[in-house]
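The values are calculated or read from the model by the stated rules, or taken from the named source; none is laboratory data. These numbers were taken from a predicted model, which means no experiment stands behind them. Every residue, glycine among them, receives a Cβ derived from its backbone with ideal geometry; neighbour counts consider all protein chains shown. These accessible areas exclude ligands, DNA and RNA; they are computed on the full protein's heavy atoms, side chains included. Shrake-Rupley method; radii C 1.70, N 1.55, O 1.52, S 1.80 Å.
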Amino acid sequence: MALADAGAMVRNENGIATVVSILKKRFGDSAQTGKSIREQHAHTTSYVPNQAPDLVVFVENVEDIQEIVRLCGEWHVPIIPFGTGTSLEGHVNAPAGGVSIDMSRMNRILKVYSEDLNVVVEPGVTRKELNEYLRDTGLFFPIDPGANASLGGMAATRASGTNAVRYGTMRENVLALKAVMPDGRLISTAKRVKKTSAGYDLTRLLVGSEGTLGIITELTLKLYGIPQAISGGICTFPDLESACNTVIETIQMGIPVARIELVNTLQMQAMVNYAKLDYPIAPCLFLEFHGSDAGVAEQAELFGEIAAANGGGAFKWTANLEEREKLWSARHNSYFACMALAPGKQSLATDVCVPISRLAECIVETEKDIAATGLVAPIVGHAGDGNFHVQILFDDKNPDEIREVEAFVERLILRSIAMDGTCTGEHGIGQGKIKFLRLELGGAVDVMESIKRAIDPGNIMNPGKILRL
């Protein structure tokens with residue numbers, strides 16, 4: 001599985017040495033070779049072993065990127081785009097060495113088009129920075145993967161998160177982008193319009209390509225009006241199946257929930273301990289409603305009725321900002337809460353996604369699997385999308401434990417694919433899930449490989465991710 005897939009690729013030692021020398025002279029202090037900074041630009045938020053690049057360059061404009069790409073293309077040296085490094089499947093590792101292009105200095109918000117509900121940004125802008133900038137406009141950008149990720153990285157990995165049930169993923173919220181291609185050309189994939197039928201949809205091709213086809217240098221994103229009223233709440237259930245059935249009925253009833261998040265008993269225990277909460281220790285749904293004052297009250301009331309019919313406890317909800325922030329802070333810190341369950345152990349966070357009608361079945365079977373193996377593995381999910389995460393805690397120095405974890409993850413993925421689901425709802429393929437892409441999509445992977453070879457014949461763009469070439 002992942003620990004094996006992260007193995008080293010063939011390095012072009014002569015090409016790397018030449019490119020590093022040229023770029024250090026060209027970029028000066030903006031080109032760094034120190035071990036610490038190189039390791040910071042490889043994977044540190046994942047179970048996938050750290051594979052550091054040979055050089056990190058902090059770029060400031062498109063021309064910097066084009067110059068690096070053309071030089072690396074000439075010398076057949078890998079390029080790894082870097083945003084904030086919060087992805088989970090080894091996306092920013094450098095298995096064949098090469099140059100990490102750090103986009104953090106390309107962090108300008110170029111233009112807000114309030115009337116058209118869109119904004120143009122550079123890739124290094126983070127989602128929190130954008131929303132802070134937009135605060136006085138009455139608009140916001142809703143995609144919330146939890147981490148304060150860069151918008152370029154979020155587009156490259158097709159990120160989503162807690163708000164996706166209402167607002168969609170990055171796929172639905174990127175109107176257009178600009179990207180430097182492997183030959184150094186800068187292309188624009190679309191105009192700043194809500195829809196187009198003009199040619200191939202290159203925007204969607206590059207959104208989710210994980211840096212394997214080009215480097216995103218500019219994004220045009222959809223914006224939304226800040227809701228008049230927002231309410232949030234929590235509801236406990238006797239078991240996961242009851243909670244999942246409540247989710248399914250809520251979606252089928254057409255209640256426009258903005259967030260509907262599921263946590264199992266162990267995850268709730270971890271969150272209560274970590275954040276010093278007074279919530280019950282049981283399977284829970286965290287919810288949020290957006291709309292008018294009357295609308296969010298009606299939505300909360302309807303949800304409460306559905307939950308009660310499925311054996312749920314009292315639905316405690318509030319429109320108070322401070323109370324809502326406390327609620328969602330606990331949810332967003334679930335990763336750290338899980339780590340506190342087993343100090344000193346490594347974490348493997350994996351995700352799958354199934355049709356919502358199969359969600360209860362898939363999660364219940366997964367909980368049984370966890371119990372049978374004796375693993376410590378809390379579950380949290382973006383239940384409204386059929387997407388859930390399992391965070392497995394294990395000793396990465398124990399080969400038997402590693403094999404147990406790998407076998408469990410494979411069973412989880414095969415279970416989801418058998419239910420017409422996917423091996424990843426939002427983490428992406430990276431290095432960690434290359435093995436499972438063909439199991440899920442079969443011959444479609446051959447088409448992906450043809451596209452990759454046609455666009456990047458030298459295989460310099462983030463090699464070793466998504467595909468084995």
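For this structure, a couple of remarks:
- Pairs are defined by a Cβ separation below 6 Å, a sequence spacing of at least 6 or placement on different chains, a first member in segment 301-318 that is among the small types (Gly, Ala, Ser), and a second member that is open to solvent by 60 Å² or more (accessible area, probe 1.4 Å) and not in a helix (DSSP H, G or I); the pairs so defined are 311/238.
- Segment 329-363: number of residues that are outside any helix (DSSP H, G or I) and either farther than 17 Å from residue 161 by Cα or of a type in the set (A, V, I, L, M, F, W, C) (or both): 13
- Considering segment 122-164, and only residues there that are surrounded by fewer than 24 Cβ atoms within 10 Å (Cβ to Cβ) and on the phi > 0 side of the Ramachandran plot, the residue that is modelled with the lowest pLDDT turns out to be 146.
- Residues in segment 221-255 that are of a type in the set (A, V, I, L, M) and either outside any helix (DSSP H, G or I) or modelled with pLDDT under 90 (or both) were compared, and the one that is nearest to residue 316 (Cα to Cα) is 234.
- When 405, 390 are checked against the criterion of being under 25 Å from the mean Cα position of the chain (by Cα) and in a strand (DSSP E or B), a single residue qualifies: 390.
Residue-wise test of (1) basic (Lys, Arg); (2) open to solvent by less than 40 Å² (accessible area, probe 1.4 Å); (3) under 13 Å from residue 267 (Cβ atoms); (4) in contact with a strand residue (DSSP E or B) (Cβ under 9 Å, 6 or more places away or on another chain).
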position	(1), (2), (3), (4)
338	no, yes, yes, yes
352	no, yes, no, yes
361	no, no, no, no
371	no, no, no, no
376	no, no, yes, yes
380	no, yes, yes, yes
386	no, yes, no, yes
390	no, yes, yes, yes
402	no, yes, no, yes
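- Considering 413, 379, the condition of being of a type in the set (Val, Ile, Thr), within 26 Å of residue 281 (Cβ to Cβ) and in contact (Cβ under 8 Å) with a residue 60 or more places away in the chain is satisfied by 379 alone.
- Comparison of 66, 51 shows that the only residue that is of a type in the set (S, T, N, Q), in a helix (DSSP H, G or I) and either in contact (Cβ under 8 Å) with a residue 60 or more places away in the chain or within 23 Å of residue 213 (Cβ to Cβ) (or both) is 66.
- Test: residue 280 is open to solvent by 10 Å² or more (accessible area, probe 1.4 Å) and closer than 27 Å to residue 406 by Cβ: no
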